[in-house]
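Enquirer: Following this message is one structure expressed as structure tokens.
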Amino acid sequence: MPSTLQHAPGALGAGVIDTDVIVVGLGPVGAALAALLGRYGICVLAIDKATEIFTKPRAITLDNEALRVLQLIGVRDGEFSTVAIPQVQYHSPLFGRFARIGTAGIVDGHPMLVTFYQPELEQLLRAKLADHPSVDMQLGVSLEGMVDDGHFVHARLKDAEGRECQARARYLVGSDGANSLVRRLLGLEFEGQTFAQDWLVVDALDVPNPVDHVEFICDPRRPTPHMVAPGGRQRWEFMLHPGEDAQAMERPESVRRLLAPWCDVDRIRIERTAVDRFHAREARSFSKGRCFLAGDAAHVTPPFAGQGLVAGLRDVANLAWKLAWVVRGQADARILDSYDTERRPHAKKIIRLARFLGALVMPRNRAVAFALHGVIRAIRVLPAGRRLFDDLKIKPENTFDNGLFWRNRKNERLRAGSTLPQGWVRPAGGAPVLSDDALGLHWAVVGVGVDPTTRLRPDQLHSWQRAGGKVWQWTQRAQAQHLAAEGQRLEALDETLLPRRAPLGWVFIVRPDRCVLAEGPVEQVQELLDQALRRLAPDAERLPRRSANPSPWSAVDAT
């Protein structure tokens, strides 16, 4: 079902721009969100006050979850450069290597951990926007103020020449970074902690004997993360001492002095430097009325877990389909409440993980280093302790505690609220593909070895199709009996799902973001689908939500 608006991209001008969603901020999170909304056919006005991509070093790592979200957005393997990271090491001046995280595996069809070059990814995501006629990207345009009247969000915009115009949208998303104007205009507190230390980030080329992994030198005298990156790059992040001037430390002579213990500074090229200060914060709520926050506007994660941009891409996958289904009239606006319910608790868990790892990386003194690093080294003597670190069990799973799903403890295999595993499948008569590509941008009822269609009523199938759903059979390799129609079969080419996670005769409903909504034996498929449709069904009698006291927000109010 197409978007209800026919907003044609073009330059800002007189009059009011009508669109479905305004995205404020076109960093990687905003560009990814606009691209995914464009794939869903939603009219988007995507603005950024800058006219060029920021080229200073920032995010550098992505995990398998982030790569899977990029796959959903339409980024194909090899479209931007990555380097697979086999391991993450933690070194102490007192104990040597006291911890190690193994990251050489493949999860859901993607490497567990890679490094990348952020400007290249941002350029690719902005190029993706051009593939979607419903997305209007406007650079050099800033948000000046906005009003949520309960029906629409009215935004006041200004371009680089100072010309103002009005835009009206059903929803607005602020992905405008840690200093988010949208968040301030909404009056949402940004709770948490700012670390007192500044860090000098250095990207260098032509480094002799480069490392092939990520290492953290957890020396209280000067903690230093060091890692490999695409394009022959190596990155160092040096914690600055109190009293060290940031501008002075960025001078070439200071940078070369810091790098001298690591390499022959006369043989390398310093590509860029930047001084950053790390934060651990999250907004009190990720939504208010018809406005939402995503990425650093909603939560800022210290870099020690490599999860900052990853968390923002999780926001994108969770929010985009919900906005699309509501805008297209295929779901009730109530489902949008689940965005904050699902994403904020998990973002907090990731921030806690990053703060814990940060304590390992930058102990305050040698006594603290001895205690922390010694305990971790002792824990790893035990098999369970080694699994905690080596197998990355320390990382919180992307499983929701509450939200748009339901669980039946007696029938739990995949665990509703968690992400469906991705494997390799072969559509009938087709070539092998990853299962997310086969399922497409839809809801799905999937039967494991069985055809759910045979147990569904005609009215259910009709309602499910209207709601943007499809029905699939995930078959055994070379299964020859009890087959669904050819266009509904996915032949398993590995054991990702069958029989490792779900037995024959199992059925599950999966959301467009690949979160499992519900599951159970195929005998319960009618009941499961009826309940899913009830949770999605738009209420034709429901009026748009109004604020109790609608009031204008402006940049002046925010300051």
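Enquirer: Whole number in Å², please: accessible area per residue of the chain, 1.4 Å probe, ligands, DNA and RNA not counted. Walk me through the numbers on the way to the answer.
Expert: On the way: 23520 Å² over 559 residues.
Result: 42 Å² of accessible area for each residue.
Enquirer: Here is a follow-up. Determine the dipole magnitude for the chain: charges of +1 sit on the beta-carbon of Lys and Arg, -1 on that of Asp and Glu, nothing else is charged, the reference point is the Cα centre, and the result goes in debye to the nearest 20. All intermediate terms of the calculation are to be shown ahead of the outcome.
Expert: On the way: 71 positive and 65 negative charges, 302 e Å.
About 1440 debye.
Enquirer: Quick one: if the Förster radius is 35 Å, what FRET efficiency do Thr55 and Leu533 give, using the C-beta to C-beta distance and rounding to 0.05? Display every interim value, and only then the final one.
Expert: On the way: r = 48 Å, r/R0 = 1.37.
Step by step, r from the Cβ atoms, then E = 0.15.
Enquirer: For Ser287, Ser180, what's the largest-to-smallest order of accessible area, 1.4 Å probe? Please report the intermediate quantities before stating the final value.
Expert: Values: Ser287 30, Ser180 0 Å².
These residues rank, largest area first, as Ser287, Ser180.
Enquirer: Along the Cα→Cβ direction, 7 angstrom out, place labels at Leu461 and Ala130. What is the inter-label distance in nm?
Expert: 4.3 nm
Enquirer: With the full set of protein chains in place, find how many percent of the accessible area of the range 101-144 is carbon and sulfur; take the probe as 1.4 Å. Don't skip to the end; give the middle numbers.
Expert: Working: 920 of 1560 Å².
On the range 101-144, the fraction of accessible area on carbon and sulfur atoms equals 59 percent.
Enquirer: For the range 251-341, which GluC sites (Glu not before Pro) pass both filters: DSSP loop (anything but H, G, I, E, B) and at most 15 other C-beta atoms within 10 Å? If you can, show how the numbers build up before the last one.
Expert: Values: sites: Glu253, Glu271, Glu282; in loops: none.
Those that pass, being in a loop and sparsely packed, number zero.
Enquirer: Enumerate by residue number the GluC sites (Glu not before Pro) in the range 46-126 meeting two conditions: DSSP loop (anything except H, G, I, E, B), and at most 12 other Cβ atoms within 10 Å of the site's Cβ.
Expert: Details: sites: Glu52, Glu65, Glu79, Glu120, Glu122; in loops: Glu52, Glu79.
Within the range 46-126, the qualifying GluC sites (Glu not before Pro) (loop, at most 12 other Cβ atoms within 10 Å) are Glu52.
Enquirer: Let's test the formula: R0 of 41 Å, r as the Cβ-Cβ distance of Ala485 and Gln123. What FRET efficiency results, to the nearest 0.05? Before the final figure, lay out the partial values.
Expert: Numbers: r = 42 Å, r/R0 = 1.02.
Calculated transfer efficiency: 0.45.
Enquirer: Which of the trypsin sites (Lys or Arg not before Pro) found in the range 195-302 are in a DSSP loop and have at most 16 neighbouring Cβ atoms, other than their own, within 10 Å?
Expert: Details: sites: Arg221, Arg233, Arg235, Arg256, Arg257, Arg267, Arg269, Arg272, Arg277, Arg281, Arg284, Lys288, Arg290; in loops: Arg221, Arg284, Arg290.
Here the trypsin sites (Lys or Arg not before Pro) that fit, given the DSSP loop and packing criteria, are Arg221, Arg284.
Enquirer: Ignoring ligands and nucleic acids, what accessible area does Met239 show with a 1.4 Å probe (Å², nearest 10)?
Expert: That residue has around 20 Å² of solvent-accessible surface.
Enquirer: Continuing with the same structure: How many percent of the accessible area of the range 406-533 is carbon or sulfur, using a 1.4 Å probe? Display every interim value, and only then the final one.
Expert: Values: 2610 of 5510 Å².
C and S fraction of accessible area: 47 percent.
Enquirer: Still on this model: Quote the FRET efficiency, to the nearest 0.05, computed for Arg277 versus Asp401 with a Förster distance R0 of 25 Å and r equal to the Cβ-Cβ distance.
Expert: Values: r = 31 Å, r/R0 = 1.26.
My answer for the efficiency is 0.20.
Enquirer: Taking H as built 1.01 Å from N, whose amide H comes closer than 5 Å to the amide H of Met137, not counting residues under 5 places away?
Expert: Close amide H contacts, sequence-distant or interchain: Ala46.
Enquirer: Could I ask something else about it? So what are the radius of gyration and Dmax for the Cα set of the range 107-234, in Å?
Expert: Cα-based Rg and Dmax for the range 107-234 come out at 20.9, 60 Å.
Enquirer: Right, another one. Can you give me the solvent accessible area of His151 with a 1.4 Å probe, rounded to the nearest 10 Å²?
Expert: Near enough 50 Å² of accessible area.
Enquirer: Ignoring everything except DSSP H segments at least 4 long, calculate the 222 nm mean residue ellipticity for the chain; use -39,500 (n - 2.57) per segment, divide by total residues, nearest 500.
Expert: On the way: 14 runs with 149 residues, N = 559.
Helix contribution divided over all residues of the chain: -8000 deg cm²/dmol.
Enquirer: Considering only protein heavy atoms and a probe of 1.4 Å, how much of the accessible area of the range 242-283 is carbon and sulfur, as a whole percent?
Expert: Numbers: 1130 of 2570 Å².
The nonpolar share, carbon plus sulfur, comes to 44 percent.
Enquirer: Run the simple label-point estimate for Leu504 and Glu191 please: 7 Å along Cα→C-beta, distance reported in nm.
Expert: So the two model labels end up 5.1 nm from each other.
Enquirer: Among (i) 27.2, 101; (ii) 24.6, 74; (iii) 25.6, 109, which one is Rg and Dmax of the Cα atoms in Å computed from these coordinates?
Expert: Among (i) 27.2, 101; (ii) 24.6, 74; (iii) 25.6, 109, the one calculated here is (ii).
Enquirer: Got a sec? Charge dipole of the range 183-302, +1 on Cβ for Lys and Arg, -1 for Asp and Glu; which of Val228, Leu259, Pro302 is way out at the positive end?
Expert: Farthest towards the positive pole: Pro302.
Enquirer: Which order do you get for Glu164, Glu237, Glu144 if you rank them by accessible area with a 1.4 Å probe, largest at the top? If you can, show how the numbers build up before the last one.
Expert: Details: Glu164 95, Glu237 20, Glu144 45 Å².
Per-residue accessible area, sorted high to low, gives Glu164, Glu144, Glu237.
Enquirer: For Lys395, Lys322, Lys470, what's the largest-to-smallest order of accessible area, 1.4 Å probe?
Expert: Values: Lys395 35, Lys322 0, Lys470 85 Å².
I get Lys470, Lys395, Lys322, largest accessible area first.
Enquirer: To continue, here is another question. Using alpha carbon centroids, what distance separates the range 371-403 and the range 469-535, in Å?
Expert: Result: 33 Å between the Cα centres.
Enquirer: With just the Cα atoms defining each centre, how far is the range 172-193 from the range 253-280? Give it in Å.
Expert: If you average the Cα positions of each part, the centres end up 32 Å apart.
Enquirer: Oh, and also: At 0.36 nm per residue, and after removing the present C-alpha to C-alpha distance, how many nm does the segment from Arg415 to Glu161 gain when stretched out fully?
Expert: Values: separation 254, 0.36 × 254 = 91.44 nm, distance 5.30 nm.
Extra length from Arg415 to Glu161 when fully extended: 86.1 nm.
The values are calculated or read from the model by the stated rules, or taken from the named source; none is laboratory data. Keep in mind the model is a prediction, meaning the values are calculated, not measured. Positions of Cβ are backbone-derived with ideal geometry, glycine not excepted, and every protein chain shown enters the neighbour counts. Remember, those area values only see protein heavy atoms, side chains included, never the ligands or the DNA or RNA. Shrake-Rupley method; radii C 1.70, N 1.55, O 1.52, S 1.80 Å.
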